[in-house]
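The values are calculated or read from the model by the stated rules, or taken from the named source; none is laboratory data. Predicted, not measured: the structure shown is a model, and the values here were computed from it. Cβ coordinates were reconstructed from backbone atoms using ideal geometry, including for glycine residues, and neighbour counts include every protein chain displayed. In case anyone asks, the SASA skips ligands and DNA or RNA and just uses the protein heavy atoms, side chains included. Shrake-Rupley method; radii C 1.70, N 1.55, O 1.52, S 1.80 Å.
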Amino acid sequence: MKINDTIAIIDFGGQYAHLIATKVRRQGVFAEIRQPEDPIEAFGGYRGIIISGSPSLASHGEDTDYTKEIYDLDMPILGFCFGHQEIAKHYGGKVIHGGREWGSSQLQLSNDHPLFSGLGSFETVWMSHFDSVAEIGPDFKEIGVTLTPDGVAEHRYAAIASDSLKRYGFQFHPEVDSTVNGDKMISNFVYGICQCSPSWSMDGFIERKKEEIKKQVGNKSVFLLASGGVDSTVAAVLIGQVLGPDRLHLLHVDNGFMRKNESQNVLKLFEKLGLGSNLHFVNATDTFLDALSDVVDPETKRRIIGDTFIEVFEDQAKKIGITEHLLGQGTIYPDTIESGGTKRADTIKTHHNRVPAIEDMIRQGKIIEPLAELYKTEVRELGELLGIPQEALDRHPFPGPGLGVRLLCSSGDALDDDLAAIQPAVSEISEQTQVAGLVLPIRSVGVKADLRAYEYPVLISGKLPWNSLINLVSALTSEVENINRCIWNLSSGIPKVAKPLATTATRERLDILREADFIVMDSLKSHNLYHEIWQCPTVLLPIELDGQLGEMVIIRPIISERGMTAAPVELPTHLLSELKGRILDLQGVSSLALDITSKPPATIEWE
Ligand code: XMP
């Protein structure tokens, strides 16, 4: 069924494609995802089309085998990033491999275009691209120009338009929250240019989902892994409202990677929500730690954690005696897209609920995931409408593999060759701002121009104002190959040597991390900052600085709306001193640093 006033989003696999759909829906207009090779008939009846970004390079002619007849349709088309470049190319422009940018940019709006109606002359926008448009075709004009930090206009076609053809392009991503007035630009497109009327709401979503759940479950029951996080809790309540508590079994697994006292609190929460009648609990710490002994690689860790969840789940289902059931999961959209879950997206990380065994069960129709189209803010909104108490909805997101992806492991290899190739460039850039930059011999996961980047962090030591620090991070991560993250040293001194410790996921290390995480959460709450911050992972790195015995703790406070992009948060000095005192007091810890990298180029979690 095609709802009137719908926008089609062509998903070229950019991390942001579904975010565009959500943003359009948040404007109250229905949006559907279409694949680039869908037949032209599939594009009939829409009010407009938005073409997403992509990990492919338009400059190299990658991914150009799509339904180009869309350009013959008499409906407005707007492209973002790769989509913008494809539109420029199609109408006689030229795209080059160069002019790469990531992070915030200042845009000067060069005229009063309806896409920018209601906005000022300058806007902060979010860039993440390797390619750029070097020439535009005769029907097009430049309507937005990037400004350098010194205010110099760079005519790189940050925004282009052909009003006669109704074709438009933005090099930046208006769909991410860091483009401050991106919502307004999207609204100008859907209401102003495409002339849509409102056609989507969360109430409508609930009705549609309840019908779908009824149909999919039939007379079976659902067995849901309830971590206590917002997503699985909202999924449990929604399914419970359709099936009733008797046909919904909840399993809470302590995998050994939970926060301090977490499992007891989760069990209490489900009792309070009236879902206690079929609530099961298993402490599977030994099973998970045995499976991970000797494992260092983050993707292998993620796969093993995901597979072990299924083994534990199947084992428990047998013990409880449930046979005809579906596995319920609180999977939300970013979990699927960043695992390469849509056709073209690069695999940034394998989420615990997207391991191959789960993919198989999805194909067999054995999985139910009512929230798979939604983002975190929408899940919270849905939770409120379902009557879940606010304190359960306002918790920071916590990943399924828990502290397992915050406990970095190492083979102890000093990685001398790699570091020797990067350190001189890092030192040169850092010294220009009078600080020291030391590359650490351990890698973490990041995302650059929609591709997974498994690269090294730089430890910055020295005093700098926050904005200068952030500019330095941007210079280091964009100018030095193989650097995707920067951390700021909170311990005293300027370390000269960083040595990796050969170690894996052990109980002792988990206990240190659990305690450090507890201190961070406790301090954020007591300083009334818990709700100001979207998420604050605490990470343990097996790195010793200057021969001091003990590992390194990293604190990563960020703000984000949907977890797809993130910005680091400056914590007040008195809070940093308190954290330093409490964390450096922990046995087994010898240094402390603050992660000050945005996403991209780093991801929120280190693994
Ligand atoms: P990244 O690290 O990819 O994280 O920037 C984005 C958001 O997703 C959460 N995350 C996960 N959530 N299972 C989950 O349920 C996972 O495997 C997983 N990995 C990351 C992360 O905490 C952040 O909120």
> About its Cα centre, what dipole magnitude does the chain give when the only charges are +1 on Lys and Arg Cβ and -1 on Asp and Glu Cβ, stated in debye to the nearest 20?
Replying inline: 1100
>> Averaged across orientations, what area in nm² does the convex hull of the alpha carbons in the chain project?
In response: 26.3
> GluC sites (Glu not before Pro) within the range 475-581: which are DSSP loop residues with at most 12 other Cβ atoms inside 10 Å?
Replying inline: E481, E532
> Fully extended, how many nm does the chain gain between D394 and Q108 (0.36 nm per residue separation, minus their Cα-Cα distance)?
Replying inline: 99.3 nm
> For the chain, what does -39500 (n - 2.57) per DSSP helix run (n ≥ 4), summed and divided by total residues, give at 222 nm, in deg cm²/dmol to the nearest 500?
Replying inline: -9500 deg cm²/dmol
>> Between S526 and K496, what is 0.36 nm times their sequence separation minus the Cα-Cα distance? Round to one decimal in nm.
In response: 7.3 nm
> Dipole of the range 202-400 (Lys/Arg Cβ +1, Asp/Glu Cβ -1, origin at the Cα centre): which of A291, N265, L393 lies farthest to the positive side?
Replying inline: L393
>> With the cut-off at 32 Å, tell me which of the pairs K463/K499; K260/K318; K301/K599; K318/K448 have Cα atoms farther apart than that.
In response: K318/K448
> Among P500, T538, Q548, whose Cα lies farthest out toward the positive end of the dipole of the range 500-549, if unit charges sit on the beta carbon of Lys, Arg (+1) and Asp, Glu (-1)?
Replying inline: T538
> When ligands, DNA and RNA are left out and all protein chains stay put, how many square angstrom of accessible area per residue does the chain have with a 1.4 Å probe?
Replying inline: 38
> Sorted by average packing, counted as other Cβ atoms within 10 angstrom per residue and highest first, what order do 490-496, 137-143, 29-35, 220-226 take?
Replying inline: 220-226, 29-35, 137-143, 490-496
> Within the chain, which DSSP H helices have Cα atoms that stretch 18 Å or more along the helix axis and a mean Kyte-Doolittle hydropathy of at least 1.6?
Replying inline: 230-243
>> Could you tell me the center-to-center distance, by alpha carbons, between the range 134-161 and the range 201-217 in angstrom?
In response: 44
> Near K220, within a Cβ-to-Cβ distance under 12 Å, what is the net charge of the other residues, with Lys and Arg +1 and Asp and Glu -1?
Replying inline: +3
> For the range 416-595, what is the convex hull (Cα atoms) projected area averaged across all directions, in square nanometres?
Replying inline: 10.3
>> So if the hydrodynamic radius of the range 73-160 is defined as the Kirkwood radius over C-alpha pairs, what does Stokes-Einstein give as its diffusion coefficient at 37 °C and 0.692 mPa s, in µm² per second?
In response: 243
> Counting alpha carbon pairs within less than 8 Å and at least 6 residues apart, what relative contact order, in whole percent, applies to the chain?
Replying inline: 12
> Roughly to the nearest percent, how much of the accessible area of the range 95-227 is carbon and sulfur, given a 1.4 Å probe?
Replying inline: 48
> When the accessible area of the range 416-595 is computed with all protein chains present and a 1.4 Å probe, what percentage of it is carbon and sulfur?
Replying inline: 50
> Ignoring ligands, DNA and RNA, what percent of the 1.4 Å accessible area of the range 251-290 is carbon and sulfur?
Replying inline: 46
